[in-house]
Structures are given as C-alpha cells and as structure tokens.
Amino acid sequence: MKLSKSFIKTLRDAPKDETARNGALLTRAGYVHKEMAGVYDFLPLGLRVIENIKNIIREELNKLDCQEIQMSALQNPEPWEKTGRFSDQEVDIWFKTELSSGGVLGLAPTHEEPITNMLKSYISSYKDLPLSVYQFQTKFRNELRAKSGILRGREFLMKDLYSFHTSEEDLNDFYAKVEGAYDRIFNRLGIGDETFETFASGGIFSKYSHEYQTFLPVGEDTVYYNADKSVVLNKEVYNDEVLADLGVTGENFKETTAAEVGNIFKLKFKYSEPLGLKFVDESNSMREVYMGCYGIGVSRVMGVIAEKFADDKGLVWPKEVAPYQYYLVAIGTEGTRVADEIYAGNEEKILFDDRDVRPGEKFADADLMGIPERIVISDKTLAEGAVEIADRKSGETKLISLDELKNLLTR
C-alpha cells in the first residue's frame, strides 16, 4: 500500500465518544471506523490484521483436520425453540427481525443449534465420525452496554469450532488437541505469556469449562491465580470447594482483571439430544452424538493486542499480526528513487509513506500505526552507503547497507 493512494487519514485526537484505549488508537491510526456504539468497520489496515489473526487460527485448526465452512447469520427459530434458546427470557441478547411475509428470524449470537441441525443431513453412522468444522462468522449480540472499543461489540467476528464424536473418550482426546492448538495460536498472536487456560463454570452439563483469559488492566473479568500461574480460576468458581477439588489452597492466590479471548466446552448431549443428532454404532444401535465447542473472539483478540502492547506513541503490533512488516519513509530525491525500487516487488511487506508531508509527520504516523520496523531511505544515509532501520517495540535504530536491506526483504 502507498499512503498517497489510500483514503486512510490518521487523527491527532480520538473521537469524543471513544473512551477505550484500543478503540481510540485503532480509530486514530486508521484501522477502524466507528459506526455506532459496539459496531465498527474494519478499514484496509484493520482488515489485514483481522486476516492475519484468522490465518494463524486457520493454520493451527487445519493441522487437527478441522474443516472450514461458512454458515448463515440469519437464523430459523425452529432448532433454537427445540433447545429453549430462542426465548428472550432464556437468551436476552437476540437481535430479531420480522419477515415481510410474516414470521420472525434471528441474527445468530452463536451457532450450536444450526450446526447440530445441519449435520443431521450428513451424520448417520459411526463411520461419519469424528468430525470437526469451524467458521469465521460475524455474530450479533444485543448487549445492554456495548463498551471497551472492539473488546465488546454488538457485532463482532468470532471463530467457532464444533466437534462431533462417538464417545466421551474421543471427545476428551480432541478437546486436549484443541488445548494444544490454542496454546500455539495465542503464542503466535504474541499474547501467549499473559493468556491462561482458566477454570470457569461448566453450567448444567459439565463441572467446568475452560476460558482463555489474557491478563489486562481494562479486562471485564476478575480471575485468581497462584504463584506460578499454573492454576487460574474465574471469580465465578473461586471458592473453597473448587480449590479443594483442584488440590490447591487459596492462601497464595492473587486477584487481577482479564479479558476473555477464547473458550472451550464439552457439550456432550446438550444439543444433540433435543435436536435429534444420532448415529448408528458398530452394533447397529442408535446413539446420540457427543459434542464440543471451541470459540475465539477474532476482533476481540485484535482489541486485546492493541490494548496490551500500545505505548504513549501508539500501537505496537507483534510481527505475525501486523498489517505490514515495514513502514517505508523516503527523504530527498535520491532517497525517493531508491525507495521506489525497494517498494517494487515487496508490496505485501511494505507500507510506503510516499506522501508529500514533513518527515516528522511520517515518523509520528509510523509510531501511531505500530508497524514493527521503520525503514528510512534518505539522501544523507545513501551518501554513507546505508539506510536506517528502527524497531518499533524496542526503539533501537541502526544503519544497514542497501544490500543488507534487500536481503532482509527476501526472507
């Protein structure tokens, strides 16, 4: 991308109605545009970040032989009514719409019911199992107070994975594989050191579920953790009974705030039973399918990363997440000529600030946008046979030769 060709404009100040740091910085840096409370557009830079997050998740799930699909956002009430979850009294976050021909549809807040209902057409025998499918889907939740920038929205992007099994043993085995995949995903996203599998309520059909909580000052959840952070519990299950069950005492536990970025759940027959998802086993008996579900909030992860790593100058993206790896600045006639040559063929790696503005403005925008490395090609450094490269995170600046830069860009 050449900034002179982009409609993106950075802002000196955040909009007055944007109080969350992630929302303010992402808006100022040209990553998102706020439509209304809890609803954001993702602009070219923001969309590239979202796609990078999705690709990391996709690569790790595909290693588990999960299959990607795309389901509809509009929801037929029928399967939801069978589980009792279309009722506004049971689920109070529905967006619903009336058809001109009569009847009501919903906008999906999640997809357990429709995926279970759909797979009745594709699962009939033990030979069809196990099966795991996932999607990246826009979800809609009528939150009473949408706040915290893109950490909590009324419209947001989510990865939801669903698995189907012949036995609890097979479900448990796949569940453990997803735990490993999630560890790899969050490490690659750059938040693995501060993201922990957290014990949470399992509701009516399992003792516990597991959340993935990233320690964050502005997080909406309260969690407790022991000295080495090997045991982390959501406040909702932090009590003497649970501590005893886990074989730990609460004496040395500390409290902190965190943002939930994912969750995994052993559903067992929660949805397969009321919706009639069954299979014929090897002894020709009809049995209900075991299920699990596994979510990651894609747009929320983006907000968490923005919150966690930002400094007083702006955003600081981890390399695997960043929209571009290099922010290129040209100064002077010869600097511009060489920069054009460097940019050609490296368009996917370089955000080229070729605008006719002062170098200081370009440097400030480079810091605000948070691109991992800034390259400055100027007449002055070229006269010394070098170009300048600066690391956004550490602030370290060094001179390298033009050949070294070309080699760097080929990696």
Looking at this structure, is residue 363 over 30 Å from residue 213 (Cβ atoms) and modelled with pLDDT of 95 or more?
yes
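Do we find a residue being farther than 23 Å from residue 68 by Cβ and not small (Gly, Ala, Ser) anywhere in region 107-124?
Looking only at region 107-124, we keep the residues that are farther than 23 Å from residue 68 by Cβ, and these are none.
Checking region 107-124: not a single residue is farther than 23 Å from residue 68 by Cβ and not small (Gly, Ala, Ser).
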Is it the case that some residue within region 173-196 is assigned to a strand (DSSP E or B) and in the same structural domain as residue 281 (by TED's automatic domain parsing)?
yes
Top-ranked residue of region 300-319 - restricted to ones that are more than 19 Å from residue 365 (Cβ to Cβ) and crowded, with 24+ Cβ neighbours inside 10 Å, ranked as farthest from the chain's Cα centre (by Cα):
307
Answer residue from region 391-405, given it is more than 29 Å from residue 310 (Cα to Cα) and either touching a helix residue (DSSP H, G or I) at 6+ places or on another chain (Cβ under 8 Å) or hydroxyl-bearing (Ser, Thr, Tyr) (or both) and is surrounded by the fewest Cβ atoms within 10 Å (Cβ to Cβ) among those
401
Pick from region 127-150 the residues that are surrounded by 18 or more Cβ atoms within 10 Å (Cβ to Cβ) and part of a helix (DSSP H, G or I): which of them is nearest to the chain's Cα centre (by Cα)?
150
Complete set of residues in region 312-345 that are without any contact (Cβ under 8 Å) to a residue 12 or more places away in the chain and assigned to a loop (DSSP other than H, G, I, E, B)
312, 344, 345
Are there any helices (runs of 4 or more DSSP H) wholly within region 228-309 with 1 or more residues that are closer than 19 Å to residue 197 by Cβ, assigned by TED's automatic domain parsing to the domain that holds residue 134 and at pLDDT below 95, and if so which?
240-246
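The values are calculated or read from the model by the stated rules, or taken from the named source; none is laboratory data. Note that the structure is a prediction, hence the values are computed from the model and not measured. Here Cβ is always computed from backbone atoms with ideal geometry, including for glycine, and neighbour counts include all displayed protein chains.
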